[in-house]
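The values are calculated or read from the model by the stated rules, or taken from the named source; none is laboratory data. In this text, all values refer to a predicted model and were calculated from it rather than measured experimentally. Note that each Cβ is placed from the backbone with ideal geometry, even for glycine, and that neighbours are counted across all protein chains shown. Heavy atoms of the whole protein, side chains included, go into the accessibility calculation; ligands, DNA and RNA do not. Shrake-Rupley method; radii C 1.70, N 1.55, O 1.52, S 1.80 Å.
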Amino acid sequence: SDSLYVGTWGVALISYTGVSFPNNQWAEVQIPAESSGQIFDLYVRYSGAYGSGTGYLLRFQDGGAPAIKSVAAGVETWLTLCGSYTAGHTYRLIANGTRISVTDNGTETCSVTDSTATAGTPAIEMECNATCPTVRNFQAD
């Protein structure tokens, strides 16, 4: 299947460590629909354990505007909002040097400069208290 589904309640963080990823990397996913009580994070340069990791994430929450955040030892810092969320679009989070950017269906919507995380792997995380979102076509390089 090309979808990830957590269930009806819970938290899941999945990072791929089967290969080494370059420090310049991207991760993308399609989110068909998202609603109240749902959080989805798309990561690049993620390292560490759940709750204490470091990396960059693109957060989708309750159907609102996506936002880039940095995470250092589990502490999240908002960096910028990135346009608006549209169901069915493909979002890509890109880390290239200290430039972190986002594309929505191939069009850049925001970028920031930050040096919090320099290495790690792509990852995805879901949190939900009712029905969890289904995501499709997760890819990374």
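Place a point 7 Å from Cα of residue 23 in the direction of its Cβ. Which residues in the range 51-93 have their backbone N less than 19 Å from it? Of the residues in the range 51-93, 54-57, 70-73 have backbone N under 19 Å from the label point off residue 23. A Förster radius of 22 Å combined with the Cβ-Cβ distance from residue 115 to residue 16 puts the calculated FRET efficiency at roughly 0.40.
Over the range 11-141, accessible surface divided per residue gives 43 Å², non-protein components excluded, 1.4 Å probe. Using C-alpha pairs below 8 Å separated by at least 6 residues, the relative contact order for the range 57-141 is 18 percent. Taking 21, 60, 40 as the candidate residues, the one with maximal mean-square fluctuation in a Gaussian network model of the chain, Cα springs under 10 Å, is 21.
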